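Report on the structure given below.
Each value in this text was obtained by applying a stated rule to the coordinates, not by laboratory testing. Just so you know, these numbers come straight off a predicted model, no measurement behind them. Heads up, the Cβs are rebuilt from the backbone with ideal geometry, glycines too, and the neighbour counts pull from every protein chain shown.
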Amino acid sequence: MKLPRITLLATLLLTTPAAAQLQITPPAATPSPAPEKQKTKPHTITKKKEAAPAPKPSSSPKPAPAPTVIPAPPTDNPNVDLVFGAYQRGQYKTALELATARAKTGDPKAMTMLGELYSNAMGIRRDYAKAAEWYKRAADAGDREAMFALAMLRISGRGGPVDKGEAVKLMASAAKLGEPKAAYNLALLYLDGQTLPQDVKRSAELLRQAADAGLPEAQYALATFYKEGTGVPKDPERAVRLLQAASLADNVDAEVEYAIAMFNGTGTPKNQPAAVALLRKASRQGSAIAQNRLAWVLINGVGTSVDKVEGFKWHLVAKTAGKGDPELDKQLSDLPAEDRAKAEAAARKWLGTK
């Protein structure tokens, strides 16, 4: 079996309440046998498969990116709700004061909140060591979100030395307690085969757990497993249902795949107008693949009205992101000068260039 290609990055993209995710380029099977060519109007559209770069271990952690924070749901504890409420409103200093007081009483949620605040420099100077200390105390008290957050610090070497063994144990414990991000990231480690022995079936089981809990990244990755038959039997219909679920949560990669499935009627009834609408959405969200596919359908008028100016605009935008298309370049050169100038001006406006 040819295993999926992935890119595994131990970054800290913070979620609830101080969580992070390893990132993958969702698994694909074998590359397409030949590049697609469409000299006439396309009746199907595909997503070109590309080899992802091999994982590169780093001896030193990368600088943390700007945090993307998705707060955890409030608990039944009214005192913790006060902390969470201040956090939600962006009143981080107030959250820090309230959480500090609650942490002194042994409240694990308050401890986790302190880890979040220290990890992301919210209301206080960033201090990964103190974040790890608070996460550790909360994790020891059984908080699954703290377990996962501490695992991500350990695997990236923030707040202390890299300790992948401890990270895996923490992640596994959090996953058993129902933390979907922990299950998702543990699945990636089983898929990668570097930190853990490669086990695609176990990876699929963990992805299913996270997908069932509603994590869009897991839904998308598991959809690809079902599409390719990785660790599970091939099931195009189930793959499409998962893509649809992830699309509803605004996962851009899933939007592209789901749009292509609807356009071609693969695993779902053909619905080209809906597919084109979803390609438009993904294009506006910055997907170069969606932009390239949208360009084709607009230029050729399949599933939508012909709009060559708009189509070539998206072609030029996709080209700047490395999704060039020689056939569309040729058609652009044959376009009347006035329309070509309009398309180029529209592309520049979208890209914010003169």
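Numbers for the structure displayed
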quantity: Over 31 Å (Cα to Cα) - which of Lys130/Lys164; Lys227/Lys349; Lys227/Lys323; Lys270/Lys342; Lys93/Lys176 fall in this group; calculated: Lys227/Lys349; Lys270/Lys342; Lys93/Lys176
quantity: Residues Met122, Met152, sorted so that the one with the fewest Cβ neighbours within 10 Å comes first; calculated: Met122, Met152
quantity: Fewest-first sequence of Val276, Val83 by Cβ atoms within 10 Å of each Cβ; calculated: Val276, Val83
quantity: Kirkwood hydrodynamic radius (C-alpha pairs) into Stokes-Einstein, the stretch 78-198, 10 °C and 1.306 mPa s, D in µm²/s; calculated: 110
quantity: Per-residue ³J(HN,Hα) for the stretch 259-276, Karplus 6.51 cos²θ - 1.76 cosθ + 1.60, θ = phi - 60°, Hz, x for Gly and Pro; calculated: 4, 5, 4, 5, 4, 8, x, 9, x, 7, x, 5, 8, 5, x, 5, 5, 5
quantity: The stretch 324-330 - phi-based ³J(HN,Hα) in whole Hz, Karplus 6.51/-1.76/1.60, Gly and Pro as x; calculated: x, 8, x, 5, 6, 4, 5
quantity: Fraction of the pair-distance distribution of the stretch 194-271 above 22 Å, Cα-Cα pairs, percent; calculated: 20
quantity: Extension gain, Ala129 back to Gln285 (0.36 nm per residue minus Cα-Cα distance, nm); calculated: 52.6 nm
quantity: Relative exposure of Arg144, Arg241, judged by other C-beta atoms within 10 Å (fewest first); calculated: Arg241, Arg144
quantity: Other-chain or far-sequence residues with amide H under 5 Å of Asp235's (modelled H); calculated: Lys227, Gly229
quantity: Whole-number percent relative contact order across the stretch 78-198, with pairs defined as alpha carbons under 8 Å at least 6 apart; calculated: 15
quantity: Euclidean distance between Cα centres, the stretch 246-303 to the stretch 131-198, Å; calculated: 35
